[in-house]
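Have a look at the structure below, then the notes.
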């Protein structure tokens, strides 16, 4: 089982709809979770982090965490064509001392159709 | 506030040649990471520095790869005797120290694309 799994997509939604992106992880001890957005040919850009069970909202983005089910999701409301990108889920893994490195899923490619 | 800077942004090299990438992290960040990303995959961890000390290396980092951070500021990643399988985007990232939100929040540079022909 991969440490972090995402549906690769592609996921297509019409403009204005809600896009739902899902991620599961294998380490029950994971405490924090990150969503990055990556446009084609560009580097990952942090958009959300979540640490507690439940929902966290930031503008049109909502991250949802369910630690019991080892599941984290990202909802994008009122999707715009500019949201078309690959969304990467990441979970920290201990490297040395208190440091963590991020283990990424393979990403979900989202296309928002005008 | 400048972000993480990487140079060069693109490099095309012949198989067997050596290449070196440079990374300048966000100025107050003492943690620095190198990742590699190939098409259709998420970034994969290569190595981690705390200040000038290289504290973790992935098994992906073969003997042909070496990374340094001599003064705890910028870092270099060198690939010797490049192979076609080394073609990828090499990402540098940095974060603050700490065992909380700020220590876990990692910011990426724009990446250095390597093509080995």
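Counting only residues that are at the interface with chain B (Cβ under 8 Å from one of its Cβ atoms) and over 11 Å from the mean Cα position of the chain (by Cα), segment A:28-44 holds 4 of them. Looking across A:41, A:29, one residue alone is assigned to a loop (DSSP other than H, G, I, E, B) and either over 24 Å from residue B:40 (Cα atoms) or touching a strand residue (DSSP E or B) at 6+ places or on another chain (Cβ under 8 Å) (or both). It is A:29.
Can you tell which of A:20, A:49 is within 9 Å of chain B (Cβ to nearest Cβ), more than 20 Å from residue B:46 (Cβ to Cβ) and without any contact (Cβ under 8 Å) to a residue 60 or more places away in the chain?
Details: A:20 fails: within 9 Å of chain B (Cβ to nearest Cβ).
Every option except A:49 fails the conditions.
Here are A:110, A:88, A:75, A:102: which of them is more than 10 Å from chain B (Cβ to nearest Cβ), outside any loop (DSSP other than H, G, I, E, B) and within 26 Å of residue B:36 (Cβ to Cβ)? Show your work before the answer.
Numbers: A:88 fails: more than 10 Å from chain B (Cβ to nearest Cβ); A:75 fails: within 26 Å of residue B:36 (Cβ to Cβ); A:102 fails: more than 10 Å from chain B (Cβ to nearest Cβ).
Result: A:110 is the single residue among A:110, A:88, A:75, A:102 that is more than 10 Å from chain B (Cβ to nearest Cβ), outside any loop (DSSP other than H, G, I, E, B) and within 26 Å of residue B:36 (Cβ to Cβ).
Among residues of segment B:48-60 being under 21 Å from residue B:3 (Cα atoms) and within 9 Å of another protein chain (Cβ to nearest Cβ), the one that is surrounded by the most Cβ atoms within 10 Å (Cβ to Cβ) is B:48. Of the listed requirements (1) modelled with pLDDT of 95 or more; (2) over 23 Å from residue B:71 (Cα atoms), residue B:23 misses just one: (2).
In segment A:32-46, the residue that is nearest to residue A:79 (Cα to Cα) out of those that are surrounded by 15 or more Cβ atoms within 10 Å (Cβ to Cβ) and in contact (Cβ under 8 Å) with a residue 24 or more places away in the chain is A:37.
Scanning segment A:16-26 for residues that are farther than 25 Å from residue B:92 by Cβ and surrounded by 14 or more Cβ atoms within 10 Å (Cβ to Cβ) turns up A:17, A:19, A:20, A:21, A:22, A:24.
Taking the numbered list (1) within 15 Å of residue B:7 (Cα to Cα); (2) touching a helix residue (DSSP H, G or I) at 6+ places or on another chain (Cβ under 9 Å) in turn, residue B:31 passes all entries but (1). Can you confirm whether segment B:27-36 contains a residue that is in a loop (DSSP other than H, G, I, E, B), under 22 Å from residue B:9 (Cβ atoms), in contact (Cβ under 8 Å) with a residue 40 or more places away in the chain and touching a strand residue (DSSP E or B) at 6+ places or on another chain (Cβ under 6 Å)? Yes: segment B:27-36 contains one or more residues that are in a loop (DSSP other than H, G, I, E, B), under 22 Å from residue B:9 (Cβ atoms), in contact (Cβ under 8 Å) with a residue 40 or more places away in the chain and touching a strand residue (DSSP E or B) at 6+ places or on another chain (Cβ under 6 Å).
The values are calculated or read from the model by the stated rules, or taken from the named source; none is laboratory data. All values derive from a computational prediction rather than experimental measurement. Note that we place each Cβ from the backbone using ideal geometry, even for glycine, and neighbour counts take in every protein chain shown.
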